[in-house]
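Asker: Just passing along the structure, written as structure tokens.
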Amino acid sequence: MKYSKIPHTDIEVSKICLGTMTWGNQNTEAEGHEQMDYAFAQGVNFFDTAELYPVPATAETYAETERIIGTWFKKSGNRDKVVLATKIAGPGDYTAHIRTTGFKPAAIKDAVEKSLQRLQTDYIDLYQLHWPERTTNTFGERIYNHNPNDPWEYNFHESLATLDELIKEGKIRQVGISNETPWGTMRYLEESKKGLPRMVTIQNAYSLLCRSFDSGLSEIAMQEGVGLLAYSPMAFGVLSGKYLGGKLPKDARLTLFPRFARYSGEEATKATQKYYDLAQKHGLSLAQMSLAFINQQPFVTGNIIGASKMEQLKENIASIDVVLSQEILDAINEIHNEIPNPAA
């Protein structure tokens, strides 16, 4: 395994981060425990979860993923050997069953307390704000359309001040953001200069099919020291190649949940085929080439891999041993320039 430091901290994390959002829906508690056992044995010491998980989020399965991690900590005794990241759910129709008060101070405190209980721990290493409260062009929307009637009120300072209280109480160690924009990221960084906690990570989608992070956030990440935790690096499994040719494998994520069609449009499929052919040319699986590309990006602190099956997990973790040549990297960029961000 390879390791890196979370920027501005002494916390060392595995470059491969174990994603967990299928546990409690596609995966049982026993399967979640099996994945944690295997990943931990391979040197993965970084687990990422959220109160929202599993996804798709429903009232019936709310926070089941955190509960599964909590029972593993209790059974294994490995809590102090794992860097644990979780998140408070941002506002939206899909989170109304959790709360409707966004990142109000009471909401953040409530979310942290409940996560601590489910996770069976007394501290969280990295606590993240899952979605911006304001209207932004995230999750597949290329263009920002300003909404002058957005009910959101400027609260960067208030949110950081609340997180600061929780840090001082020892309930969380570090803080991060997720699905943020360049403007939101810089606002948090500016507010932190007023004696408040600094956002040390940003968890955004990043894959061969979605490299919008490269356009502006990568410079912020490098210049300011905000580590990217890349999620959906496999583009919901599309970058395994298993959907090529119109295939819909049984129990696959896009077969079960076709509404997550962001990565399976015509241009995304065309790009996936080109990446698949490139990987085959160099004797690599598409999955390992896709993940190795992310592992080699200088702004990436953690590559969040997730799998519903053990064979997928093993292949994904093994990508850490794959080093792409400059020839392959150049060829990847040629495809990207031809079909840029088909799933952005």
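The values are calculated or read from the model by the stated rules, or taken from the named source; none is laboratory data. Only a predicted model underlies this, so the values are computations on that prediction, with no experimental measurement involved. Here the Cβ positions follow ideal geometry from the backbone for every residue, glycine too, while neighbour counts run over all protein chains shown. In case anyone asks, the SASA skips ligands and DNA or RNA and just uses the protein heavy atoms, side chains included. Shrake-Rupley method; radii C 1.70, N 1.55, O 1.52, S 1.80 Å.
Asker: Which of the residues that make up the stretch 46-74 are open to solvent by 20 Å² or more (accessible area, probe 1.4 Å) and either touching a Leu at 6+ places or on another chain (Cβ under 9 Å) or part of a helix (DSSP H, G or I) (or both)?
Answerer: Tyr62, Glu64, Arg67, Thr71, Lys74, listed by residue number.
Asker: Right, next: Take the residues in the stretch 169-178 that are of a type outside the set (A, V, I, L, M) and touching a strand residue (DSSP E or B) at 6+ places or on another chain (Cβ under 6 Å), then tell me which one is surrounded by the fewest Cβ atoms within 10 Å (Cβ to Cβ). If you could, list the steps in order and put the result at the bottom.
Answerer: Restricting attention to the stretch 169-178, the residues satisfying the condition of being of a type outside the set (A, V, I, L, M) are 169-171, 173-174, 176, 178.
From the residues that got through so far, the ones that are touching a strand residue (DSSP E or B) at 6+ places or on another chain (Cβ under 6 Å) too are 173-174, 176, 178.
Working: Arg173: 19, Gln174: 23, Gly176: 24, Ser178: 23.
Restricting to residues being of a type outside the set (A, V, I, L, M) and touching a strand residue (DSSP E or B) at 6+ places or on another chain (Cβ under 6 Å), the top hit is Arg173.
Asker: Follow-up. Quick check on the stretch 303-320. Is at least one of its residues open to solvent by 50 Å² or more (accessible area, probe 1.4 Å), within 23 Å of Ser212 (Cα to Cα) and in contact with a helix residue (DSSP H, G or I) (Cβ under 7 Å, 6 or more places away or on another chain)?
Answerer: No, there is no match, as no residue in the stretch 303-320 is open to solvent by 50 Å² or more (accessible area, probe 1.4 Å), within 23 Å of Ser212 (Cα to Cα) and in contact with a helix residue (DSSP H, G or I) (Cβ under 7 Å, 6 or more places away or on another chain).
Asker: Go through (1) in contact with an Asp or Glu (Cβ under 8 Å, 6 or more places away or on another chain); (2) under 19 Å from Asn25 (Cβ atoms); (3) part of a helix (DSSP H, G or I) one by one and return the number of the condition Ser308 breaks.
Answerer: Condition (3) is where Ser308 drops out.
Asker: Separate question: Residues Asp122, Asp110: which one is outside any loop (DSSP other than H, G, I, E, B) and acidic (Asp, Glu)? Steps first, answer last, please.
Answerer: Working: Asp122 fails: outside any loop (DSSP other than H, G, I, E, B).
None of the other options fit; the residue is Asp110.
Asker: Which residues, counting only those in the stretch 136-168, are of a type in the set (D, E, K, R), more than 20 Å from the chain's Cα centre (by Cα) and open to solvent by 100 Å² or more (accessible area, probe 1.4 Å)?
Answerer: Just the residues of the stretch 136-168 that are of a type in the set (D, E, K, R), to begin with: 141-142, 150, 153, 158, 164-165, 168.
Cutting the leftovers down to more than 20 Å from the chain's Cα centre (by Cα) gives us 150, 153, 158, 164-165, 168.
Of everything in the stretch 136-168, those that are of a type in the set (D, E, K, R), more than 20 Å from the chain's Cα centre (by Cα) and open to solvent by 100 Å² or more (accessible area, probe 1.4 Å) turn out to be Glu153, Lys168.
Asker: Of the residues in the stretch 11-47, how many are farther than 26 Å from Gln296 by Cα and aromatic (Phe, Trp, Tyr)?
Answerer: 1
Asker: If you don't mind, there's one more thing I want to ask. Which members of the stretch 1-25 meet the condition of being open to solvent by 40 Å² or more (accessible area, probe 1.4 Å) and either touching a residue at least 40 places away in the same chain (Cβ under 8 Å) or touching a strand residue (DSSP E or B) at 6+ places or on another chain (Cβ under 7 Å) (or both)? Let's see the steps before the verdict.
Answerer: To start, the set of residues in the stretch 1-25 that are open to solvent by 40 Å² or more (accessible area, probe 1.4 Å) comprises 1-3, 5, 8, 10, 12, 21, 25.
The answer is Met1, Lys2, Tyr3, Lys5, His8, Glu12, Met21.
Asker: Out of the residues in the stretch 75-128 meeting the condition of being under 19 Å from the mean Cα position of the chain (by Cα) and surrounded by fewer than 18 Cβ atoms within 10 Å (Cβ to Cβ), tell me which one is farthest from Glu153 (Cα to Cα).
Answerer: Taking the candidates together, the pick is Tyr94.
Asker: Kindly indicate whether Lys314 is in a helix (DSSP H, G or I), modelled with pLDDT of 95 or more and touching an Asp or Glu at 6+ places or on another chain (Cβ under 8 Å).
Answerer: Values: in a helix (DSSP H, G or I): yes; modelled with pLDDT of 95 or more: yes; touching an Asp or Glu at 6+ places or on another chain (Cβ under 8 Å): no.
Criteria not met by Lys314.
Asker: Please find, among Leu217, Leu229, the residue that is at pLDDT 95 or above, within 30 Å of His336 (Cβ to Cβ), open to solvent by less than 30 Å² (accessible area, probe 1.4 Å) and in contact with a Gly (Cβ under 6 Å, 6 or more places away or on another chain).
Answerer: Details: Leu217 fails: in contact with a Gly (Cβ under 6 Å, 6 or more places away or on another chain).
Just one listed residue meets the conditions, Leu229.
Asker: For Pro340, are the conditions met, namely being under 23 Å from Gly140 (Cα atoms), open to solvent by 50 Å² or more (accessible area, probe 1.4 Å) and assigned to a loop (DSSP other than H, G, I, E, B)?
Answerer: Values: under 23 Å from Gly140 (Cα atoms): yes; open to solvent by 50 Å² or more (accessible area, probe 1.4 Å): yes; assigned to a loop (DSSP other than H, G, I, E, B): yes.
For Pro340, the condition - under 23 Å from Gly140 (Cα atoms), open to solvent by 50 Å² or more (accessible area, probe 1.4 Å) and assigned to a loop (DSSP other than H, G, I, E, B) - is met.
Asker: In addition: Let me spell it out: the conditions are (1) among the polar types (S, T, N, Q); (2) touching a residue at least 24 places away in the same chain (Cβ under 8 Å); (3) more than 28 Å from Tyr123 (Cα to Cα), and Ser178 meets all of them except one. Which number is the exception?
Answerer: Result: Ser178 fails condition (3) only.
Asker: Kindly provide the set of residues from the stretch 278-302 that are closer than 19 Å to Lys15 by Cα, touching a helix residue (DSSP H, G or I) at 6+ places or on another chain (Cβ under 8 Å) and either open to solvent by 60 Å² or more (accessible area, probe 1.4 Å) or hydroxyl-bearing (Ser, Thr, Tyr) (or both), ordered by number.
Answerer: Scanning the stretch 278-302 gives Ser290, Gln296, Pro298.
Asker: If you don't mind, there's one more thing I want to ask. Take the stretch 184-193 and flag every residue that is surrounded by fewer than 19 Cβ atoms within 10 Å (Cβ to Cβ) and either of a type in the set (D, E, K, R) or closer than 18 Å to Gly102 by Cβ (or both).
Answerer: Arg187, Glu190, Lys193, listed by residue number.
Asker: For the subset of the stretch 232-243 comprising residues that are open to solvent by less than 20 Å² (accessible area, probe 1.4 Å) and assigned to a helix (DSSP H, G or I), which member is nearest to Asn333 (Cα to Cα)?
Answerer: Leu239
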